[in-house]
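The structure is given below, and queries will be raised subsequently.
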Amino acid sequence: SLASPHIIKYTQALIRDLCSQYPSLQGIRFDWPEYPPYLLDCAFVDFSNHAMKAANRLGFNFNRMKNAAIRLYQKLHGNLKDSDLIAWNESNKGFNYIQGLRQENSGLGEWVRFKAKLVEELHSVFRQTMNQAGANKMELLSNAFPPPWTIFSGMDYECVGRYSSAICVKLYTMHWPMMLQFYGQQLLKANHQLSEKLLVKTLVNGLDITDNKFLNQLENFHYPTPKEAHLVGKQAQHRKIIQAQKEAGETPVYAVVHAYGPLENFRQRLQTAQAASSHGIWINRYGHLSDEKLEIIGELDHQ
């Protein structure tokens, strides 16, 4: 629970130790200061006692949010029909509907706003602790999921930007098809009557992870091998970074490219990130780099 005082105090101790032991650091990047939605069930946390106390303190209706989450979970696990998926796709919802949940006047909308408030408070604690440790000039950066996962992870870029020097949006494109597969497998298992093709179409529309609209089987979506090009399309990646910067406002957004994957696919993903992010890029997992990939980075850096 991000509302747990024990977790918060432990994190504060880590921050104070880092600032004390390494006072020359330019900054600290916090990875996953949100609720990572790798599995479908991960989107349905947190209803702990810590969260209940925080909701009462912040003026959120805990029971209303919990009941809305229960209804959605029950709908997804045994009560989902093809007609629901058809309505979702025909009404042009998907990605835009998920993004709009923060403005929705319902228990569901209140719930996603509550999670965003917990994430914002966590960043406030990070910044205050760094300042109190004498690290006022140290940068605070957040490593975050891209839209629309941010809705259920609680990562509101605008709110977090009040405390972060910048936000690093992870283009971990080997993860996204795997996540879609995880969601799809769970939903099909719970709703045997669903059309797999229709479900995949709905998930693709909602998550916006590929430019190929003709992929309609869950087996098309998986974690790629080291030599396999990542399924995620250039335009989909570009849209996510543009959307992230739009939500972040004046706070710079960096695209984080993962070094995993074959040579030319890495080049393509690096070029896409560089074109989409006006503030710069980070590269994750140097262990996956090679001399050839380092040469590509050098080439792009001089263009």
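The values are calculated or read from the model by the stated rules, or taken from the named source; none is laboratory data. The shown structure was predicted, so the numbers you read here are calculated from the model rather than taken from an experiment. So basically every Cβ, Gly included, is an ideal-geometry build from the backbone, and we count neighbours across all protein chains shown. Note: accessible area is taken over every heavy atom of the protein model, side chains too, but ligands, DNA and RNA are not part of it. Shrake-Rupley method; radii C 1.70, N 1.55, O 1.52, S 1.80 Å.
Does Ala55 satisfy the criteria of being of a type in the set (A, V, I, L, M) and farther than 24 Å from Gln186 by Cα?
Judged against the criteria, Ala55 is a match.
While we're on this one: Given the condition under 24 Å from Leu207 (Cβ atoms), without any contact (Cβ under 8 Å) to a residue 12 or more places away in the chain and in contact with a helix residue (DSSP H, G or I) (Cβ under 6 Å, 6 or more places away or on another chain), answer yes or no: does some residue in the range 76-92 qualify?
Checking the range 76-92: not a single residue is under 24 Å from Leu207 (Cβ atoms), without any contact (Cβ under 8 Å) to a residue 12 or more places away in the chain and in contact with a helix residue (DSSP H, G or I) (Cβ under 6 Å, 6 or more places away or on another chain).
When you check Ser91 against the structure, is it of a type in the set (S, T, N, Q), on the phi < 0 side of the Ramachandran plot, at pLDDT below 95 and over 21 Å from the mean Cα position of the chain (by Cα), yes or no?
Criteria met by Ser91.
Sort through His238, His230 and tell me the only one that's buried (at least 16 other Cβ atoms within 10 Å of the Cβ) and over 18 Å from Gly94 (Cβ atoms).
His230
Inspect the range 173-191 for any residue being among the hydroxyl-bearing types (Ser, Thr, Tyr) and more than 21 Å from Pro36 (Cα to Cα) and give the result as yes or no.
Checked the range 173-191: no residue is among the hydroxyl-bearing types (Ser, Thr, Tyr) and more than 21 Å from Pro36 (Cα to Cα).
Yes/no matrix, rows are residues, columns are (1) at pLDDT 95 or above; (2) within 30 Å of Ala135 (Cα to Cα):
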position	(1), (2)
Cys168	yes, yes
Ser195	yes, no
Leu199	yes, no
Val204	no, no
Asn216	no, no
Gly233	no, no
Glu250	yes, yes
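Still on this structure, I have one more. Please return the ranges of helices (runs of 4 or more DSSP H) entirely within the range 62-136 where 3 or more residues are touching a strand residue (DSSP E or B) at 6+ places or on another chain (Cβ under 7 Å) and crowded, with 16+ Cβ neighbours inside 10 Å.
Per the criteria, 107-132.
So which pairs qualify, if the first residue must be in the range 201-227 and closer than 23 Å to Asp84 by Cβ, the second must be open to solvent by 50 Å² or more (accessible area, probe 1.4 Å) and of a type in the set (Phe, Trp, Tyr), the Cβ gap must be under 9 Å, and the two must be at least 6 apart or on different chains?
What qualifies is Thr202/Trp88; Asn205/Trp88; Gly206/Trp88; Gly206/Tyr97.
Follow-up question, since we're still on this one. Among the residues that make up the range 156-173, is at least one of them among the acidic types (Asp, Glu), touching a residue at least 24 places away in the same chain (Cβ under 8 Å) and buried (at least 19 other Cβ atoms within 10 Å of the Cβ)?
So far as the range 156-173 goes, yes, one or more of its residues are among the acidic types (Asp, Glu), touching a residue at least 24 places away in the same chain (Cβ under 8 Å) and buried (at least 19 other Cβ atoms within 10 Å of the Cβ).
Can you tell me how many residues in the range 216-230 are in contact with a Leu (Cβ under 8 Å, 6 or more places away or on another chain) and outside any helix (DSSP H, G or I)?
Summing the residues that are in contact with a Leu (Cβ under 8 Å, 6 or more places away or on another chain) and outside any helix (DSSP H, G or I) in the range 216-230 gives 2.
Then there's this: For residues in the range 22-46 being touching a Cys at 6+ places or on another chain (Cβ under 7 Å) and open to solvent by 30 Å² or more (accessible area, probe 1.4 Å), which is nearest to Val125 (Cα to Cα)?
Arg29
Okay, next question. Residue by residue through the range 258-278, note down the ones that are modelled with pLDDT under 95, assigned to a loop (DSSP other than H, G, I, E, B) and open to solvent by less than 90 Å² (accessible area, probe 1.4 Å).
If the condition is that a residue be modelled with pLDDT under 95, assigned to a loop (DSSP other than H, G, I, E, B) and open to solvent by less than 90 Å² (accessible area, probe 1.4 Å), then Ser277 is the only one that fits.
For the structure I just gave you, tell me whether Lys197 is basic (Lys, Arg) and part of a loop (DSSP other than H, G, I, E, B).
no
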